[in-house]
1. State yes or no: is Q335 under 25 Å from L63 (Cβ atoms), crowded, with 18+ Cβ neighbours inside 10 Å, of a type in the set (S, T, N, Q) and at pLDDT 90 or above?
2. State whether the residues of the range 200-211 include one that is buried (at least 19 other Cβ atoms within 10 Å of the Cβ), touching a residue at least 60 places away in the same chain (Cβ under 8 Å) and in contact with a Ser or Thr (Cβ under 9 Å, 6 or more places away or on another chain).
3. So which strands (runs of 3 or more DSSP E) are wholly in the range 375-434 and hold at least 3 residues that are closer than 30 Å to S217 by Cα and not polar (S, T, N, Q)?
4. Does R224 count as closer than 30 Å to S264 by Cα, charged (D, E, K, R) and in a helix (DSSP H, G or I)?
5. What number of residues within the range 92-130 satisfy the criterion of being in a helix (DSSP H, G or I), farther than 20 Å from W187 by Cα and not aliphatic (A, V, I, L, M)?
6. Quick check on the range 435-466: of everything there that is of a type in the set (S, T, Y) and not in a strand (DSSP E or B), which residue is surrounded by the fewest Cβ atoms within 10 Å (Cβ to Cβ)?
7. Which one is modelled with the lowest pLDDT among residues in the range 21-41 that are under 11 Å from S385 (Cβ atoms) and exposed (fewer than 15 other Cβ atoms within 10 Å of the Cβ)?
Amino acid sequence: MHVDIPDAHLTQAAKAGIVVSRCSYRGLEPTYQIGEGAYTKIPERSHALFPVAHYEFVWVQQLWNQTERVEPHFQHYLEHYVLPDGNFTYNTQDQVEAPVDFGVFLNNSARAYDYTGDIEALRHRLPVLQRMIDYILPRWSYSKTTFPDTDPRHGLIWGSPEADNGDPDDDTPSSHLYYYQNAAWIWRGLKEHGRCLQRAGKEHSDAALLQQGLDFSEQAKQLRADIERSLGITMNARSRELKQAGITPFTAFDTSRQPEQLTSYENHRYMMDWWTADWGDADLDAGHFRHRTLANQEIVGMNSAADGIYAIDSGTLLTSNFMEHGTLAGRIRLQDYRPFLLTLYGNLCFAMDSGNYYAPEDALLPSGQAGEGAPWTWSAVVNSSLQPSLGLRWMLCYEESDTDRVHLQKAAPKHWFEAGKKIAVHNCPTRFGPVSWVTIADHAGWNVDIQFPSTSPFQADLVVHIHPPEGKALTTAGMGQLHGTTVTIPAASITGKKKLSVRIS
């Protein structure tokens, strides 16, 4: 994918994240650390095998049309760092990671097939993915057989919410609370895996693959129903204060805290995993954002450890940005794109070096330097370095998860639409096929030229976003349905066409 936008610094930051991440891998061997730092461990152990780092490494490159190039890394991790029982090797060392990772790996697998149609690569990874599924689903079965359906734990997934809170010597159904983000991501993974196998089965006339896909899709529906039931019980049981504040619970019995009470891990990890799972309930997403605001744990659009856990002194805040793509995932779905931009540019300005684009896991605000604070502070890591890469892709092209709809330029800043400015994206992958487009502004409006390189029809609605510098609503569009600052081109109008030219004013 090639990008030409008015902000060269953002483009370079997005490209740099991919480059420095790839340079830090030793061949196909994964890492969490960029270069040398607190997380450097040879031979690989603990954070070098952090599933969160590897899934984002794969995820980002898929979104930048590097799926075939990153497939060997994906398969290598599956073959070497997933145990015979389906658990991650990382989990058997210092810590136990969250079940969300299983769902994300399944989602990455589905996206890989969507973007490439490589059936052999899919078949190659299916046995390992099945071991992972066989490892995680008994945790769902346990809660269904242990707790009645009137208990909010019924139908959830037991397990650690985060590596730092997990202990391999204490990994039992009663070791942790039952977290909604764990269950939500397992649902998402099963849903996407089932959809993928159905698609592959149909496209390659494989009845067995199609049936497997149908079975996984049915499991995903059942899990969704269980989670919805649990959420309903917990939401109704919240205290009056929590209901008035509109706060979303993290766990099955999260019903009685003060609205201003929010722990650092809840802020910089748990709610992030909830947003990336894309549960599809805008009110629940907003509940976590409200909680963060009430707890005063947000700074320049990002999460902050304002509770002082990591602060050097009372005047220092810390943003743990290795999971900031969660904030971006939650905000790209909003109608108002400005909070998304605040988070993205907050990362660029305060959590990433503006010269070499190295991004530490933790950035001290308002100032700091390498070696200051805890050993891991200012240690550049894969996840943090890839935040602009994810952010720019979603800004320019965002695929809705549960609807056949693709947004172009959804969060592009207003000044990119000034006369003489151009937004150009070539060969952007989507699960409906690649799309390329150029938006050129003149004093009277915008010309948008769209191309569909694939031989297969582009079977999704296309929503073109225009943000006039003066803030006015659009008045005319050469095709499609105009509403506010968007033009929606329905799939039926795209079928059979390789090019579209739309004049908008």
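1. no
2. no
3. Here the list reads 397-399, 405-408.
4. So R224 fits the description; yes.
5. Residues in the range 92-130 being in a helix (DSSP H, G or I), farther than 20 Å from W187 by Cα and not aliphatic (A, V, I, L, M): 6 in total.
6. T455
7. It comes out as G35.
Results for (1) surrounded by 16 or more Cβ atoms within 10 Å (Cβ to Cβ); (2) basic (K, R); (3) more than 16 Å from the chain's Cα centre (by Cα); (4) more than 30 Å from W279 (Cα to Cα), shown as yes or no for each residue.
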position	(1), (2), (3), (4)
A351	yes, no, yes, no
Y357	yes, no, yes, yes
E399	yes, no, no, no
L408	yes, no, yes, no
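The values are calculated or read from the model by the stated rules, or taken from the named source; none is laboratory data. Only a predicted model underlies this, so the values are computations on that prediction, with no experimental measurement involved. Glycine also receives a Cβ, built like all others from the backbone with ideal geometry; neighbour counts cover every protein chain displayed.
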